[in-house]
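The values are calculated or read from the model by the stated rules, or taken from the named source; none is laboratory data. Predicted, not measured: the structure shown is a model, and the values here were computed from it. Glycine gets a Cβ as well: all are built from the backbone with ideal geometry, and neighbour counts include every protein chain shown.
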Amino acid sequence: MKNHAITLEDRYCAHNYEPLPVVLSSGKGIWLWDQDGKRYMDMMSAYSAVSFGHSHPTLVAALSKQASQLAVVSRAFYSDQLGPFLQLLCEMTGMPKALPMNSGAEAVETAIKAARKWGHKVKGIADQTAEIIVCRGNFAGRTTTIVGFSSEAQYRDGFGPFSDGFATVPFGDAAALEAAITPRTAAFLVEPIQGEAGIIVPPEGYLAKCREICNRHNVLLICDEVQTGLGRTGRLLASDHDGIKPDGLILGKALGGGLLPVSAFLAREDLMAVFTPGDHGSTFGGNPLSAAVGHAALRLLREEKLADNAQRMGERLLTGLRAIQHPAIRQVRGKGLLIGMDLDPGFISARQFCERLMQQGILSKDTHDTVVRFAPPLIITANDIDAALEAIQHTFSSLLTPPAHLTERSYA
């Protein structure tokens, strides 16, 4: 008999997700519990939104304290929480200005508006003609503008007409970026590592080459680090691995501490200066409750050195996954605690593997049918990593003998 909670959700909720058949009721740290009290290790972290673990006491305390004082006022007024939050955010990232929003998609839309207006007002591109270059396989959200420049057919199907002004190049190919630049190009919008595409890591030095190209052509380099930022890849920002500073930076997910939707677009002075009062806004963006939680999350990230832990634990997890000898594994790739395991669908789909892994007490989710993602909270320990690897190995051991043609695997 189907679980009552699942029945209700299937009956009343739009079917825009296909969840695994587990009903979660509580969480603490890296652990989740279902309605029957079974414990699961969270190896997904809500796509990096729960980087600090579930119900972190420091963040819950900040939320509770602020909620009892003042939660939401529009930015028609100042609050005593927004300034300190944005100061710390700018100081940690090295970006001079920030514009707070809520969801990652809203922050991406903010970046698009800023780039287009900068292209016209500062660079001198004719009005209504500015172009932004994006990468094939990108994922930046679900708004109509964003899905309009997606290369994923399902994300676009039936949702047009879409906005003009975007050009697409292969991800990881700096030469293709330069070849696509025209006098109308205002910006290059890129994920340092593509998450939804299957944890795709570009060649070493890719962003550094892109930075040099954008400098030479007076094109903005905007890094979408909604998923990769704030310690996920073993550095504060994934762009730090290439030692570059973008002109625009998009953050979200972990910025809300796993408690609230908090995002921000950060930029250099002349780029952010294109916004004047009335140009852009958000009822909830930068509200005191979000600012207080975001400030506490940033302090926790810095004081607990969670990016360093992500680097160490990521290496342990990556090494362990690559040591698993099973022909269904085609590739294991990633950086820090953002790792994808690519499976041959002729042997088992990533969805089926996640369902089997769930039976072993590990929760994750597939992407693009073939990739199982592993992105646990950044607070995970070595013992936790080893326990996860044991469960993953056990899941592979329980599979039937593979077809004869599945004999090769590769690593990146």
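Within the bounds of the range 119-129, is there any residue that is small (Gly, Ala, Ser), in a loop (DSSP other than H, G, I, E, B), closer than 22 Å to residue 281 by Cβ and in contact with a Ser or Thr (Cβ under 9 Å, 6 or more places away or on another chain)?
Within the range 119-129, the first condition is being small (Gly, Ala, Ser), and the residues that meet it are 119, 124, 126.
In the following step, the residues that additionally are in a loop (DSSP other than H, G, I, E, B) were identified as 124, 126.
When the remaining residues are screened for being closer than 22 Å to residue 281 by Cβ, the result is none.
No, because not a single residue in the range 119-129 is small (Gly, Ala, Ser), in a loop (DSSP other than H, G, I, E, B), closer than 22 Å to residue 281 by Cβ and in contact with a Ser or Thr (Cβ under 9 Å, 6 or more places away or on another chain).
Among the candidates 122, 134, which residue alone is of a type outside the set (Asp, Glu) and under 18 Å from the mean Cα position of the chain (by Cα)? First the steps, then the outcome.
On the way: 122 fails: under 18 Å from the mean Cα position of the chain (by Cα).
Being of a type outside the set (Asp, Glu) and under 18 Å from the mean Cα position of the chain (by Cα) holds for just one of 122, 134, which is 134.
How many residues does the range 335-372 hold that are assigned to a helix (DSSP H, G or I) and among the polar types (S, T, N, Q)?
The first filter runs over the range 335-372 and keeps only residues assigned to a helix (DSSP H, G or I), leaving 350-359.
Cutting the leftovers down to among the polar types (S, T, N, Q) gives us 352, 359.
The total comes to 2.
Please specify each residue of the range 124-169 satisfying the condition of being touching a residue at least 12 places away in the same chain (Cβ under 8 Å) and of a type in the set (S, T, N, Q). Before the answer, list the steps.
Start the filter on the range 124-169 by keeping residues that are touching a residue at least 12 places away in the same chain (Cβ under 8 Å), which leaves 125-126, 129-152, 155, 159-160, 162-163, 165-169.
Hits for the range 124-169 are 129, 138, 143, 144, 145, 150, 151, 163, 168.
Take the residues in the range 315-362 that are surrounded by fewer than 18 Cβ atoms within 10 Å (Cβ to Cβ) and among the aliphatic types (A, V, I, L, M), then tell me which one is nearest to residue 239 (Cα to Cα).
My answer is 323.
Which count do you get for residues in the range 280-332 that are touching a residue at least 60 places away in the same chain (Cβ under 8 Å) and not in a helix (DSSP H, G or I)?
Residues flagged as touching a residue at least 60 places away in the same chain (Cβ under 8 Å) and not in a helix (DSSP H, G or I) within the range 280-332 amount to 17.
Taking the criterion of being within 30 Å of residue 279 (Cβ to Cβ) and without any contact (Cβ under 8 Å) to a residue 40 or more places away in the chain, would at least one residue in the range 39-50 satisfy it? Break it down into steps so the answer makes sense when it comes.
Just the residues of the range 39-50 that are within 30 Å of residue 279 (Cβ to Cβ), to begin with: 47-49.
In the following step, the residues that additionally are without any contact (Cβ under 8 Å) to a residue 40 or more places away in the chain were identified as none.
The answer is no; no qualifying residue exists.
Those residues that are among the charged types (D, E, K, R) and under 22 Å from residue 223 (Cβ atoms), I need them from the range 73-120; list them, please.
First, pick out the residues of the range 73-120 that are among the charged types (D, E, K, R): 75, 80, 91, 97, 106, 109, 113, 116-117.
Correct list: 91, 97, 106, 109, 113, 116, 117.
Within the bounds of the range 65-82, is there any residue that is in a loop (DSSP other than H, G, I, E, B), surrounded by fewer than 13 Cβ atoms within 10 Å (Cβ to Cβ), among the acidic types (Asp, Glu) and not assigned by TED's automatic domain parsing to the domain that holds residue 196?
no
Taking the range 169-184 as the region of interest, how many residues are in a helix (DSSP H, G or I) and either buried (at least 19 other Cβ atoms within 10 Å of the Cβ) or of a type outside the set (A, V, I, L, M, F, W, C) (or both)?
3
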